[in-house]
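The values are calculated or read from the model by the stated rules, or taken from the named source; none is laboratory data. These figures come from a predicted structure and were not determined experimentally. Using ideal geometry, Cβ is built from the backbone for each residue, glycine included, and neighbour counts are taken over all protein chains shown. What goes into the accessible areas is simple: the full protein's heavy atoms, side chains included, and nothing from ligands, DNA or RNA. Shrake-Rupley method; radii C 1.70, N 1.55, O 1.52, S 1.80 Å.
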Amino acid sequence: MRFSITREALQKGLAASAAAVPTRAALPVLSNILIHAEDDAVRLSGTDMSIFVSLSVPAEISEAGVVALPARQLLEISRVLDDAPVKFAAADGNRDGVATGVDIECGRSKFRLYGQAPDEFPDFPEIDFADGWEMSAGELQTLIERTSFAVSTEDSRPILNGILWQLRGAATVMVATNGHRLAKMSRELDVSGPPAEADLIIPPKALSQVQKLYPADTVLQIARSENHLAFRSEDREVFTSLIEGPYPNYEQVIPSDNDKVAIVNRAALETAVRRVAVMADDSTRRVRLSFRSGDLGFKVQTPDLGEAEDALSLDYEGEDIQIGFNATYLLEVLRHMPEEDVRMTFKAPERAATFSPASDEPDYLCLVMPLRILD
């Protein structure tokens, strides 16, 4: 193997592929990035056996070849090199009887790096893209951005550690929840070859890679097998295992009879919540909101610490109501609202509240379960 590559292209490929490399690998080979030099490009691949990421970058190939090298050391080397062509060549000799090393040169800097036998590196899942569909990366990234923040990070209910992607032809819904908050976005997408009806539960780490790796104007090829989902463009691929099991019926927890409605400026509400939350208890982050005609009051009381109050004007229809929320959940919901005015609906202090754009466009809804108010 022998090739030359710009430092910029090397760093770009390494950063993308190393995102799938585990911090603590169960198998030594998983700490490596697979480098495959062929034709006029180098393909760099990384995996933790759940997510597979691969990126092809341009290079001048003198001799084709493949090698698996330690991801962390490769990244560190690329960061300290001069801005000059980087030359890779198979190292003379071997380690433990296997040719696994490369010599790396950039200007007057020289490194020899050993890795694993490339045939030990896991194969990517086999998925037939002929049975897949195409859609805009930007459309998919919007769905991910608006929902993924609500996914659970606890191990008690593993199914909630994934994001639900419901496919109904061109109609699609993405949902995430941790049992205390929920985010749901529905869209009619411009897709080519719409998929059959499916409910896919996807690890958020994989969707995060889709957000980072693909420009918004990219047309993504998407395909699935029984246990995997794949995203592909001309020069990069993301494969992920799907989470198995039935997702909870989220429609059952979305209230349809909330009769108290408030319209409030998102930025003003976020500022007020953030201000009083300074005095909130670290464990509950409880903030009390008092809704009445034309006015919204905020109050936090934390024994042995102190209290805070604030207020702002708003449009409100319904009887007066006081309701408690986790300030962190409120701020996350508000941060992801796509418009300046937010519609909030309520039924009772112990019932779920909904948050959505005041214009009803796009079709986006968040739900937050209330906290019991302490007298």
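For Ile33, nonlocal amide neighbours, meaning residues 5 or more places apart or on other chains whose placed amide H falls under 5 Å from its own, are Leu69, Ala71.
Relative to the longest principal axis of the Cα atoms of the chain, helix 71-80 runs at roughly 90 degrees.
Here the stretch 4-43 is assigned +1 on the Cβ of each Lys and Arg and -1 on the Cβ of each Asp and Glu. Its dipole about the Cα centre then comes out at about 280 debye. Positive contributions from Lys and Arg (+1) and negative ones from Asp and Glu (-1), summed over other residues with Cβ under 13 Å from the Cβ of Ile61, come out at -2. With a Förster radius of 45 Å applied to the C-beta separation of Ala15 and Ser293, the computed FRET efficiency comes to 0.25. Entry comment: accessible area of the stretch 1-65 is 45 Å² per residue, from protein heavy atoms only and a probe of 1.4 Å. Other residues within the sphere of radius under 10 Å centred on the Cβ of Asp190, judged by their own Cβ, net out at -2 (K and R +1, D and E -1).
In the full protein context, the stretch 221-375 carries 50 Å² of accessible surface per residue, based on a 1.4 Å probe and ignoring ligands, DNA and RNA. A cut-off of 5 Å between modelled amide H atoms, ignoring neighbours fewer than 5 places along the same chain, links Val86 with Ile5, Thr6, Arg7. Computed extension length for Asp341-Arg157: 62.9 nm, one decimal, from 0.36 nm per residue of separation with the Cα-Cα distance subtracted.
Relative contact order for the stretch 295-375: 24 percent, from Cα pairs under 8 Å spaced at least 6 residues apart, divided by residue count. Between the stretch 76-93 and the stretch 234-275, the C-alpha centres lie 45 angstrom from each other.
Between the alpha-carbon centres of the stretch 291-312 and the stretch 148-187 there is a gap of 32 Å. Evaluated at q = 0.10, 0.15, 0.16, 0.22 Å⁻¹, a Debye calculation over the C-alpha positions of the stretch 234-375 (equal weights, vacuum) places log10 I(q)/I(0) at -0.38, -0.76, -0.84, -1.45. Close amide H pairs (under 5 Å, H built 1.01 Å from N) link Ala91 with Gly101, Val102, Asp103, residues at least 5 positions away or on another chain.
Relative contact order of the stretch 124-227, taken over Cα pairs closer than 8 Å and 6 or more residues apart, is 40 percent. Multiplying the residue separation of Glu38 and Arg112 by 0.36 nm and subtracting their alpha-carbon distance yields 24.5 nm. Between Ala130 and Ala268, the modelled labels are 6.0 nm apart [label points 7 Å from Cα along Cα→Cβ]. Rounded to the nearest whole Hz, the Karplus-based 3J(HN,Hα) values (6.51 cos²θ - 1.76 cosθ + 1.60, θ = phi - 60°) of the stretch 369-374 follow the sequence 7, x, 9, 5, 7, 8, with x at glycine and proline. Checking (1) 0.96; (2) 1.08; (3) 0.94 against Rg/Rh (Cα atoms, Kirkwood Rh) calculated from these atoms, the matching label is (2). Scalar couplings 3J(HN,Hα) for the stretch 235-242, obtained by applying the Karplus form with A = 6.51, B = -1.76, C = 1.60 to θ = phi - 60°, are 10, 8, 9, 10, 10, 9, 5, 9 Hz; x denotes Gly and Pro. Working note: Karplus 6.51/-1.76/1.60 with θ = phi - 60° gives the stretch 23-29 the couplings 5, 10, 7, 5, 10, x, 5 Hz, where Gly and Pro are set to x.
Each Lys or Arg adds one and each Asp or Glu takes one away; over the other residues whose Cβ falls under 9 Å from the Cβ of Gly318, this sums to -3. Only one residue of Gln116, Ile127, Leu140 has its Cα farthest out toward the positive end of the dipole of the stretch 103-155, where Lys and Arg carry +1 and Asp and Glu -1 on Cβ, and that residue is Gln116.
The relative contact order of the chain comes to 12 percent, based on Cα pairs under 8 Å that sit 6 or more residues apart. Helix 204-213 and the longest principal axis of the Cα set of the chain meet at an angle near 70°.
Relative to the longest principal axis of the Cα atoms of the chain, helix 266-276 runs at roughly 80 degrees.
Only protein atoms count toward the accessible area here, which uses a 1.4 Å probe; on the chain, the carbon and sulfur part of that area reaches 44 percent. Each peptide in 296-306, 226-236 gets a packing score, the mean of other Cβ atoms within 10 Å over its residues, and the list from highest to lowest is 226-236, 296-306.
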